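The block underneath contains the structure these notes are about, expressed in structure tokens.
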Amino acid sequence: QNSNNLLFLLTEGSLSNLDFGFIYYLLSKSKIMKMEIKNSVLSETRIRKIVEILKNSSNFQLFSALDENTTKEISNFISEQTENSWSRFFFIDKTNIWFDCNGTSSLINLCDIQISLSESSNKNILGSPALKLILKNPKCDLDRMFQSIRKFSSIQHFTFETATHIQDEKLGEISAIQIAKELKERSDLKTLIISGNQFGDNGVNHLVESIKQINSLTILNLGDNCIGPNGARALAEAVKLLSNLSALHIHKNEIGDDGLKYLTQGIKNLKLLTTFNVSENEIGDDGAKYLAEETKNISSIKTLNIGGNNIGGEGEISFIEIIQSNDNISIIGFPHIEKIKALQSGSTELDMKGCFIGVERANYWKLLIKESSLKVLNFEKK
């Protein structure tokens, strides 16, 4: 009765009239902010009773029911009873979703889209509303769908992905234009994830025109969208303007060495950027050396993921100076980097089993071992 931030979660199981008598009492006496009902097979009568109790609570904000028995009639009933006093609510049944904000109900076919509305789990931005859409039908009318969800004007974390089973069917430039149009309506986003959609450079060019207007962005993820060097160039111009950006994920694309150089130029003046992910991007030694040289001047970066590329010993060695001069940076993707860190920290034993050193790295390793405290070194094959 004395707590102000309560979540009441009602999950699977059959409940008697006596159980519900206690639940009604509890809801009327406590200061519950959110209520979620999942697979509990509630009758309409019980839902109506719960809503009638909660509508009088000045503290209550969010009601959601993921239940096969919910209907649009119940959705309309809640809209009428609450008189827009709740920030949002939504219902999902087997084939459709009805959701409401500001007293207006909408319908989306779940055969086309999977949608979830929740609170962000990020500790730094806890409590901000998050909307996630997973496209299940490449022929879905995105314009109509976006018009339906536009009423959620307070969304700060937006995710748009393509379901795995249709990722081979490229959405194309038209879909990117439709998503870009929606982004123009969401200029206060903090997190934007648009991944697995294979838009290509032309599609991404449309997206970045909207993205560069969202200065509030802290996390941008455009992974797995078939972005090449030209798309990377356009994206680089956009991220230059995102002064609040802390994480940039461009993994699983095709930016290559040239694209990496463009992006590196784009991020070098971002003072808050801590994470840069360009893994699986067809990057070679030339791009790696360029990134390593520029990263020396980007002191904010704490995590750099460059794994899954075509980088050999020459490219890898170029990052050694970085870890020698910056203990706080974590470089992901080079198995030898962690071994070198262990040497420099004074380890007396080092297991190099299965690690290929090669001619390019041999001289450097010779010097490292000579200056280390090693007593046991294992170069055994796997």
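The values are calculated or read from the model by the stated rules, or taken from the named source; none is laboratory data. Just so you know, these numbers come straight off a predicted model, no measurement behind them. Note that each Cβ is placed from the backbone with ideal geometry, even for glycine, and that neighbours are counted across all protein chains shown. In case anyone asks, the SASA skips ligands and DNA or RNA and just uses the protein heavy atoms, side chains included. Shrake-Rupley method; radii C 1.70, N 1.55, O 1.52, S 1.80 Å.
Side notes on the structure shown:
- From the options Ile193, Ile134, residue that is aliphatic (A, V, I, L, M) and modelled with pLDDT of 85 or more: Ile193
- The criterion of being touching a strand residue (DSSP E or B) at 6+ places or on another chain (Cβ under 9 Å), among the aliphatic types (A, V, I, L, M), buried (at least 19 other Cβ atoms within 10 Å of the Cβ) and part of a loop (DSSP other than H, G, I, E, B) does not hold for Leu263.
- Test: residue in region 180-190 that is more than 19 Å from Lys132 (Cβ to Cβ) and open to solvent by less than 40 Å² (accessible area, probe 1.4 Å): no
- Top-ranked residue of region 292-309 - restricted to ones that are among the hydrophobic types (A, V, I, L, M, F, W, C) and more than 15 Å from His249 (Cα to Cα), ranked as modelled with the highest pLDDT: Ala292
- Under the condition of being buried (at least 18 other Cβ atoms within 10 Å of the Cβ) and not β-branched (Val, Ile, Thr), the residues counted in region 286-298 number 6.
- Residue selected from region 353-371 under the condition among the aromatic types (Phe, Trp, Tyr) and assigned to a helix (DSSP H, G or I), by the criterion farthest from Ile340 (Cα to Cα): Tyr364
- Residues within region 362-371 that are in contact (Cβ under 8 Å) with a residue 12 or more places away in the chain and open to solvent by 30 Å² or more (accessible area, probe 1.4 Å), tallied: 2
- Residues that are in contact with an Asp or Glu (Cβ under 9 Å, 6 or more places away or on another chain) and in a helix (DSSP H, G or I), drawn from region 282-292: Asp285, Asp286, Gly287, Ala288, Lys289, Tyr290, Ala292
- Qualifying residue in region 175-182 (condition: without any contact (Cβ under 8 Å) to a residue 40 or more places away in the chain and either outside any helix (DSSP H, G or I) or closer than 18 Å to Ser279 by Cα (or both)): no
- Pairs with Cβ under 6 Å, 6+ apart, first in region 344-361 and open to solvent by less than 60 Å² (accessible area, probe 1.4 Å), second among the aromatic types (Phe, Trp, Tyr) and part of a helix (DSSP H, G or I): Ile357/Trp365
- Test: residue in region 252-265 that is of a type outside the set (Val, Ile, Thr), more than 19 Å from Ile301 (Cβ to Cβ) and touching a His at 6+ places or on another chain (Cβ under 9 Å): no
- Pair list, Cβ under 7 Å, 6 or more apart: region 317-337 residue of a type in the set (Gly, Ala, Ser), other residue surrounded by 15 or more Cβ atoms within 10 Å (Cβ to Cβ) and in a helix (DSSP H, G or I): Ser318/Ala288; Ser318/Lys289; Ser318/Ala292
- Taken together, the residues in region 299-341 that are assigned to a helix (DSSP H, G or I) and exposed (fewer than 15 other Cβ atoms within 10 Å of the Cβ) amount to 5.
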